[in-house]
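To keep things clear, I will list the structure first and then write my remarks on it.
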Amino acid sequence: MTGHSLRETAAVALSLLDLTNLKDDCTPEQIEALCVRAQSPYGNTAAICIWPRFVAQARGILGADNVVKIATVVNFPAGDMEVADVAAEAREAIADGADEIDLVIPYRAFLAGNEQAVTDMVAAVRAECKGSVVLKTILETGEIKDTALIRRASELAIEAGADFIKTSTGKVAVNATLEAADIMLRAIRASGRKVGFKPAGGVSSVADAALYLSLAETIMAPDWAMPSTFRFGASGLLDDILTVLAGGASKTAASGY
């Protein structure tokens, strides 16, 4: 971020963080700890991001004041469930108390040439996200790979009603990259809509976060990034944020950035 100290960047990143535990063996005890960690001495994360089976528990811990949002994942991680099943999954999660739904688009169908599969899936889940429920769509850019196809997937998700477009599940070999971020942010700008961006997977240091925030500032506008327009999906980033806010040094940016 232009002109910002590392500590200022850490404070911003904290406010934009979706603190995540999507480990296959996640336990209720870990969810309890996650809810506690999301409310740090320096401020709260934007949200926690958890499996649907833990949403009701998290809502019980965090209460109804929505200081920390509860995000959950559907059609996750493979993106190959039936539309009706995914819509039902979202409906149940929202009934359990989810504030935000992170939906994996059917990216394999998209790669096979079926754009309508993306449109149908996003539109069906959009219909379940009534009121203030936020819909984030995960493109799985590391699997799509091709720049033109990442752009097209972004456009399809936005046109079908996504509130955010998100890079990755964090479950594949290549997750968030600055190249994918650049393509997706430009698609948002071109759409003229208020759509947010979420890099996820592999963002583990304040130095990494600064690169993404700087890119967003360049493509969108200074101070564009706020919780309603930008999130980081990460499990390890909070440790580095807290280190920096306590006066320590950030880890270096991940290789490849």
task: Report, ordered by chain and residue number, the lysines lying within cross-link reach of Lys130, taken as a straight Cα distance under 29 Å and ignoring same-chain residues fewer than 8 apart.
output: Lys23, Lys69, Lys166, Lys171, Lys194, Lys198
- prompt: Which whole-Hz couplings ³J(HN,Hα) result when phi for each residue of the stretch 137-154 is put into the Karplus expression 6.51 cos²θ - 1.76 cosθ + 1.60, θ = phi - 60°, listed in order with x for Gly and Pro?
  reply: 10, 8, 8, 6, 4, x, 8, 5, 6, 5, 5, 5, 6, 4, 4, 5, 4, 4
field: For q = 0.08 Å⁻¹, Debye-computed log10 I/I(0) when each Cα of the chain counts as one equal scatterer
entry: -0.27
task: Rounded to the nearest 500, what is the 222 nm mean residue ellipticity of the chain from helices alone, with -39500 (n - 2.57) per DSSP H run of 4+ residues and division by all residues?
output: -13500 deg cm²/dmol
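Let's see if you can work this out: charge +1 on each Lys and Arg Cβ, -1 on each Asp and Glu Cβ, no other charges. What is the dipole magnitude of the stretch 1-95 about its Cα centre, in debye to the nearest 20?
Numbers: 7 positive and 12 negative charges, 85 e Å.
Here the size comes out at about 400 debye.
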query: Among the aspartates and glutamates, which fall within straight-line cross-link reach of Lys251, defined as a Cα-Cα distance under 12 Å, with same-chain neighbours fewer than 8 residues apart omitted?
result: Asp208, Asp239, Asp240
query: Taking every pair of alpha-carbon atoms in the stretch 144-257, what share in percent sits in each 5 Å bin, from 0 to the bin with the longest distance?
result: 2, 12, 23, 24, 20, 11, 5, 2, 1
- prompt: Given the stretch 50-101 reduced to its alpha-carbon atoms as identical point scatterers, what log10 I(q)/I(0) does the Debye formula return at q = 0.22, 0.24, 0.26 Å⁻¹?
  reply: -0.73, -0.83, -0.94
- prompt: What size of dipole, in debye to the nearest 20, comes out for the chain about its Cα centre when the only charges are +1 on Lys and Arg C-beta atoms and -1 on Asp and Glu C-beta atoms?
  reply: 480
Set of aspartates and glutamates with alpha-carbon distance to Lys145 below 12 Å, sequence-local pairs under 8 removed: Glu179
query: When DSSP assigns beta bridges and you keep just the ones with both residues in the stretch 6-245, what percent turn out antiparallel, to the nearest 5?
result: 5
- request: Please report, largest first and rounded to whole Å, the three semi-axes of the ellipsoid equivalent to the stretch 61-141, where each semi-axis is the square root of five times an eigenvalue of the C-alpha gyration tensor.
  value: 25, 12, 10
field: For the stretch 32-100 and the stretch 181-248, distance of Cα centres in Å
entry: 20
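Any read-out appearing in this document is the output of simple, stated calculations on the displayed coordinates, not a laboratory observation. Note that the structure is a prediction, hence the values are computed from the model and not measured. So basically every Cβ, Gly included, is an ideal-geometry build from the backbone, and we count neighbours across all protein chains shown.
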